[in-house]
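J.: Please read through the structure below; I'll follow up with questions.
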Amino acid sequence: MSTPHSHSLSFGSLNCRSLIKSHNSNAQSLFIRHLRSLSLSLLAVQESHAITLANQESLNMQFQCSSSIWTNHCGLICFDPNLTVTNHETPVNLDQRVISTTIQHSQNAFPPFNLLVIYAPAAHSARQRFFLHLADFIHPTTLSNQTRTLVMGDFNQTPKPDGADWHSTLHRFFDDALSSDPGLQGIPTFTHSGNGSRSVIDFIYCSPDISADICHPQVSHIPSDWTDHALLKCLWRVGSSRGPSPCWRAKPHLASIPEFVKHLYTNIDQFLAHQHCDTPTAVWEEIKCIAKATAQRFMRKRPSVLERQTRHLMSRRNRLLRLSQTSAVESCSALLEELAIVEHKLSLIQREQALRLELRAKSTW
C-alpha cells in the first residue's frame, strides 16, 4: 500500500554571486561540488552569470544534472532524471530575470506543478520597473487562484504588509515556505560584503494548497568567498496516493472568528483597491479565490495559534487559582471574575478544536 506522501522533492534557492568564478577556478569547483552534495531535486540559482553556451555546458557537466535552464541572470538545475522541466517563454522586458516552468514526473507519480525563479534588480528604480513588468506577465489578482505553485529567488527587498507591488501581493496570497519553522523567522539571508549589514531578501513561496506538505526548511550558511547569500532549502512531500477533493469547502465556523473576518476583509479591500477586472462576474470570481486562499492559509496556521493561546491561558488560570487560595476575601472576588473570563476563553478554544476535528472526520457533511 502506498503512503499518503510516497514521493518527496527537495529544492533549494541561492544567489550564487556568479557561478563562473574565472579568477578562482578552484573556488568554483569547490562551490559546485558542495551544491551537488546536497542531494537536491531542483536548485534555483540567481546571479548565475552563465551567459555563453560554453559556460552553460561547463556548468551542466560540473553539476552532473539531468537537465537545466539558463538565462543571463538565473538558472534552474534539475538533478532528478524522473522530472521533465518545460520552460515557458517570458517577455523581453523581464530581461531574462524570470524562469517560468511546469514540472512533471515521467511516470505521472504526482500531478504537474509550476515553478517560478526570480532575480529582481538591486537598484530601486530598476526593481520597481521589473515588478511592474512582472505584473503584466502574471497579474497580481491571479496569484490568489494559483495552485501547486512554487516561487523562489532573490527579490532584493523585504515585502511590505500593505504594499501594492507584485512581491507584496505575492507575500499576502502565498505562504512563506520557511514559516513552518518559527526559529527561522527573521533569519537574514544576505550579508553585505562592504558594511556587514544583514537583511532578508531571498524567499521561497508556495501556494496555500501545498503549504501543509512543505517541511524541513533550512537557511544554510555558505562560505563568504563563494557567495554573500544563504541557501534556502525545503522538502516537499509532493506525491499522494489520495487525490485532492474536487469540491473544496471552507469550515463554516470561520465566519465566527473575528481574526479571520478581519483578515479576509483586509485582503478583499486590498484587491478591490488595485483590481483590473473587466466585468462584475470576474471581480466576484477573484473575490471567491481570495476567500479560499485566505481560509486555507488561516486554517493552516490556526492549530499552532490555538496551542499557544491555550498554553498562555492555562498558565494564567493556574496562577489565578493559586492567588485566589491565599488572597483576602475582598481581592478574591476580583480574581474569580478574571478566572471566569480566562476559563471562558479556554472553553471557546476547546470547542473550536473539537469542531475542527469533527469536520475533519466529515461526521457532519
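The values are calculated or read from the model by the stated rules, or taken from the named source; none is laboratory data. These numbers were taken from a predicted model, which means no experiment stands behind them. As a convention, Cβ positions derive from the backbone with ideal geometry for all residues, glycine included, and neighbour counts pool all protein chains shown.
J.: Within the set of pairs 6 or more residues apart or between chains, which connect a residue that is in the same structural domain as S168 (by TED's automatic domain parsing) inside segment 187-203 to a residue that is among the aliphatic types (A, V, I, L, M) and part of a loop (DSSP other than H, G, I, E, B) with Cβ atoms less than 6 Å apart?
T.: What qualifies is P188/V200; T189/V200; T189/A230; F190/I201.
J.: So which pairs qualify, if the first residue must be in segment 293-322 and under 22 Å from L254 (Cα atoms), the second must be surrounded by 12 or more Cβ atoms within 10 Å (Cβ to Cβ) and of a type in the set (S, T, N, Q), the Cβ gap must be under 7 Å, and the two must be at least 6 apart or on different chains?
T.: Here the result reads A293/S144; T294/N267; R300/S211; L306/Q353, each pair linking segment 293-322 to a residue that is surrounded by 12 or more Cβ atoms within 10 Å (Cβ to Cβ) and of a type in the set (S, T, N, Q).
J.: If you don't mind, there's one more thing I want to ask. Evaluate segment 165-177: report whether one residue or more is part of a helix (DSSP H, G or I), at pLDDT 90 or above and over 24 Å from H124 (Cα atoms).
T.: Yes, segment 165-177 has at least one match.
J.: Being at pLDDT below 95 and touching a strand residue (DSSP E or B) at 6+ places or on another chain (Cβ under 6 Å) narrows it down to one of A109, A44, A27, so name that one.
T.: On the way: A44 fails: at pLDDT below 95; A27 fails: touching a strand residue (DSSP E or B) at 6+ places or on another chain (Cβ under 6 Å).
Checking each option against the conditions leaves just A109.
J.: Being in a loop (DSSP other than H, G, I, E, B), of a type outside the set (D, E) and either in the same structural domain as H221 (by TED's automatic domain parsing) or surrounded by fewer than 19 Cβ atoms within 10 Å (Cβ to Cβ) (or both): is that true of H49 here? Give the steps one after another, and end with the answer.
T.: On the way: in a loop (DSSP other than H, G, I, E, B): yes; of a type outside the set (D, E): yes; either in the same structural domain as H221 (by TED's automatic domain parsing) or surrounded by fewer than 19 Cβ atoms within 10 Å (Cβ to Cβ) (or both): yes.
When the stated conditions are applied, H49 passes them.
J.: Still on this model: Tell me the residue from E330, E338 that is at negative phi, modelled with pLDDT of 85 or more, over 29 Å from the mean Cα position of the chain (by Cα) and not β-branched (V, I, T), please.
T.: E338
J.: For segment 69-98, which residues satisfy the criterion of being part of a strand (DSSP E or B), touching a Leu at 6+ places or on another chain (Cβ under 9 Å) and surrounded by 20 or more Cβ atoms within 10 Å (Cβ to Cβ)?
T.: Of the residues in segment 69-98, the ones part of a strand (DSSP E or B) are 69-70, 74-78, 83-88, 98.
Pick out the ones that are also touching a Leu at 6+ places or on another chain (Cβ under 9 Å) and you get 69-70, 75-78, 83, 85, 87, 98.
W70, G75, L76, I77, C78, V98, listed by residue number.
J.: If a residue has to be not polar (S, T, N, Q) and not in a strand (DSSP E or B) to count, how many in segment 199-220 make the cut? I'd like the intermediate steps shown before the answer.
T.: The initial filter retains those residues of segment 199-220 that are not polar (S, T, N, Q), namely 200-206, 208-210, 212-217, 219.
Those still in the list that are not in a strand (DSSP E or B) too: 200-201, 208-210, 212-213.
Residues that pass the stated criteria total 7.
J.: Something else about it: With the requirement that a residue be over 24 Å from V238 (Cβ atoms), of a type outside the set (K, R) and surrounded by fewer than 22 Cβ atoms within 10 Å (Cβ to Cβ), what does segment 156-182 give you? Before the answer, list the steps.
T.: Narrowing segment 156-182 to residues over 24 Å from V238 (Cβ atoms): 156-169, 172.
Still in the list and also of a type outside the set (K, R): 156-159, 161-169.
Once the filter is applied, which keeps residues that are over 24 Å from V238 (Cβ atoms), of a type outside the set (K, R) and surrounded by fewer than 22 Cβ atoms within 10 Å (Cβ to Cβ), segment 156-182 yields Q157, T158, P159, P161, D162, G163, A164, D165, S168.
J.: Could you list, in sequence order, the residues of segment 141-155 that are over 16 Å from the mean Cα position of the chain (by Cα) and surrounded by 15 or more Cβ atoms within 10 Å (Cβ to Cβ)?
T.: Applying the first criterion (over 16 Å from the mean Cα position of the chain (by Cα)) to segment 141-155 yields 141-142.
Once the filter is applied, which keeps residues that are over 16 Å from the mean Cα position of the chain (by Cα) and surrounded by 15 or more Cβ atoms within 10 Å (Cβ to Cβ), segment 141-155 yields only T141.
J.: Any residue in segment 251-272 that's outside any helix (DSSP H, G or I): show its pairings with residues that are among the aromatic types (F, W, Y) and crowded, with 18+ Cβ neighbours inside 10 Å at Cβ separation under 9 Å, as long as the two are six or more apart or on different chains.
T.: From segment 251-272, the pairs are I257/F298.
J.: Can you list residue pairs whose Cβ atoms sit under 6 Å apart, with the first residue in segment 213-227 being outside the structural domain of F113 (by TED's automatic domain parsing) and the second being surrounded by fewer than 18 Cβ atoms within 10 Å (Cβ to Cβ)? Count only pairs 6 or more apart in sequence or on different chains.
T.: Going by the 6 Å Cβ cut-off, there are no qualifying pairs.
J.: Could you please let me know if L313 is within 27 Å of the chain's Cα centre (by Cα), assigned to a helix (DSSP H, G or I) and modelled with pLDDT of 85 or more? Spell out the reasoning first.
T.: Values: within 27 Å of the chain's Cα centre (by Cα): no; assigned to a helix (DSSP H, G or I): yes; modelled with pLDDT of 85 or more: yes.
So L313 does not fit the description; no.
J.: Being hydroxyl-bearing (S, T, Y), touching a residue at least 40 places away in the same chain (Cβ under 8 Å) and not in a helix (DSSP H, G or I), is that true of even one residue in segment 99-122?
T.: The first filter runs over segment 99-122 and keeps only residues hydroxyl-bearing (S, T, Y), leaving 100-102, 106, 119.
With the extra rule that they be touching a residue at least 40 places away in the same chain (Cβ under 8 Å), the set shrinks to 119.
Filter once more, keeping what is not in a helix (DSSP H, G or I): 119.
Within segment 99-122, one or more residues are hydroxyl-bearing (S, T, Y), touching a residue at least 40 places away in the same chain (Cβ under 8 Å) and not in a helix (DSSP H, G or I).
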